[in-house]
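The values are calculated or read from the model by the stated rules, or taken from the named source; none is laboratory data. Since the model is a prediction, treat every value here as computed from it, not as a measurement. Methodologically, a virtual Cβ is constructed for each residue, glycine included, from the backbone with ideal geometry; neighbour enumeration extends over all protein chains shown.
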Amino acid sequence: MRTQGLRLEQAPPIEIPFRFFLSAPLFGALAGLLLLSRGAELLITPLHTPTLAMVHLLTLGCLTMVMLGALYQITPVLLGANVYKVDLATHVHFSLLAGVLCLAGGLAFSVRLLLLMALPLLCLGFLAVAVQFLVTFIRVRNINFTGAAVRLSLASLLMAISLGLTYAGEHALGWLPLNRASMVALHAFLGLGGWVGGLILGVSHAVIPMFYLTRTARPAMSWSSFFLLLAMVLSAPVVLLDGGLGLRLIPPLAGLGAMAVLSAILIMQFRQRKRRITDTSLSYWKVGIASGWISMALLFSLYFLDDARLVFAFGLFYLVGFALAIEVGMTYKIAPFLVWFHRYSKLAGRMQIPLMGDIIMQHHAERQRLSFLVAFALLVLSVVFPQEILARTAGAAFFLSNIYWFYVLYKTATFQTELKSFEAKAS
């Protein structure tokens, strides 16, 4: 199978990625509503259960939905193989949708039954994902850079989910004497660094040259970022050991190295692009790169300063400023491409078909980006100054920004236009 260009018979139905894409902003909106309703209570300690509910609405509900939707669609492009039993994606989506809602509800309102319901739902959903992509990867003989990064990302996800489900079960039933702080740290390194960072690393390597008409990253730089990320994942268990500061600094140092190389690659690629047009998605990438560096600085500060606000600030800049900003920006490239590809590409040369720029509502996308920046700024202020009015205002702004994101994606998914043949135009 080819790895360059997507063949029509390889593409899964357009409904599959859009199920995940349209779910993501709704989970983000729920996170905003939770902050709006609870206020500064959620910004006191990271281990407060309603705070964990908000975090998992962002990570499992918002970020992971976008990432899985993208994986189902782009795997044939990037790896040259159909996803095994791709129709299972519909069941995966339902299972994760219900599981995340039960998990967040159980944590936010201290309902043990909801936590117990979340465990099998999330287990089934992620087990199906594991089987689908494990079989798919076995079928792929050649391992390119993107394939290696996606494998690392999914392996990190499964380890992070295993820890998270153990943690949720312990919270509901109390069967294990766990060191919660160490488990949360390991869970974060695997989930945020390995899963989120790994997928952004692998997917950006492939899609940025395609969408922004720039050169592919130098292999030496790409692979160095991969091995640094791999070193972070492999060394992450040291957080469970009672070692010295030097030992505990290994994972964040490796993560910093991976972020540095990724940033250098992205900056060079964006400077070399053939079309010097700055669109909404590119602006999101700039926010993501800057926030990624700030999050790394905050992560290192946690090893020397004991301040809960630093934990919240790190999570905010990494989850919202880095990961979410990049993912929102990429949906503004991937979503119109999917609509164009599935509905109009077969008609190229025979009909006057729309361009990708016609499918996405650029003026709405730009306004949504501004609403995102306002919400992000308010979130930063609410972390620095955890006042009730700031926290609730930030929650409301984040809710509205995500609803706007949903609106743009929905209008893109349902885009229709009248087509005319070239013969009609000539006459």
Requested in this report: Check Thr59, Thr51 and return the single one that is in contact with a Lys or Arg (Cβ under 9 Å, 6 or more places away or on another chain) and closer than 21 Å to Gly32 by Cα.
Outcome: Thr51
Query raised in the report: In this structure, does Leu71 turn out to be closer than 21 Å to Cys102 by Cα, hydrophobic (A, V, I, L, M, F, W, C) and crowded, with 20+ Cβ neighbours inside 10 Å?
Result: no
Report summary line: Of Ile389, Ile403, the only residue that is in contact with a helix residue (DSSP H, G or I) (Cβ under 6 Å, 6 or more places away or on another chain), surrounded by fewer than 22 Cβ atoms within 10 Å (Cβ to Cβ) and at pLDDT 95 or above is Ile403
Query raised in the report: What do you reckon, is Ala254 within 19 Å of Leu298 (Cβ to Cβ), in contact with a Ser or Thr (Cβ under 8 Å, 6 or more places away or on another chain) and of a type in the set (Gly, Ala, Ser)?
Result: yes
Report summary line: From the option list Val374, Val383, single residue qualifying as surrounded by fewer than 21 Cβ atoms within 10 Å (Cβ to Cβ) and touching a helix residue (DSSP H, G or I) at 6+ places or on another chain (Cβ under 7 Å) is Val374
**Report entry** Matching entry among Ala377, Ala335, Ala348, Ala325 (being in contact (Cβ under 8 Å) with a residue 60 or more places away in the chain and not hydroxyl-bearing (Ser, Thr, Tyr))
**Finding:** Ala335
Query raised in the report: Residues in segment 58-81: is at least one touching a residue at least 40 places away in the same chain (Cβ under 8 Å), over 19 Å from Gly125 (Cβ atoms), assigned to a helix (DSSP H, G or I) and under 15 Å from the mean Cα position of the chain (by Cα)?
Result: yes
**Report entry** Search result, residues across segment 260-279 that are of a type in the set (A, V, I, L, M, F, W, C) and without any contact (Cβ under 8 Å) to a residue 40 or more places away in the chain
**Finding:** Ala260, Ile267, Ile277
Report task. State whether one or more residues within segment 353-362 are modelled with pLDDT under 85 and at positive phi. Result -> no
Query raised in the report: Which of the residues belonging to segment 82-104 are within 13 Å of Phe133 (Cβ to Cβ) and in a loop (DSSP other than H, G, I, E, B)?
Result: Asn82, Val83, Tyr84, Lys85, Val86
Requested in this report: List the helices (runs of 4 or more DSSP H) that sit entirely inside segment 300-360 and contain at least 3 residues that are of a type in the set (A, V, I, L, M).
Outcome: 308-315, 325-343
Query raised in the report: Given the conditions (1) free of Cβ contacts under 8 Å to residues at least 40 places away in the same chain; (2) under 24 Å from Val77 (Cβ atoms), which single one is not true for Gly197?
Result: (1)
Requested in this report: Check whether at least one residue in segment 335-349 is of a type in the set (Lys, Arg), crowded, with 20+ Cβ neighbours inside 10 Å and either more than 25 Å from Val287 (Cβ to Cβ) or at pLDDT 85 or above (or both), and report yes or no.
Outcome: no
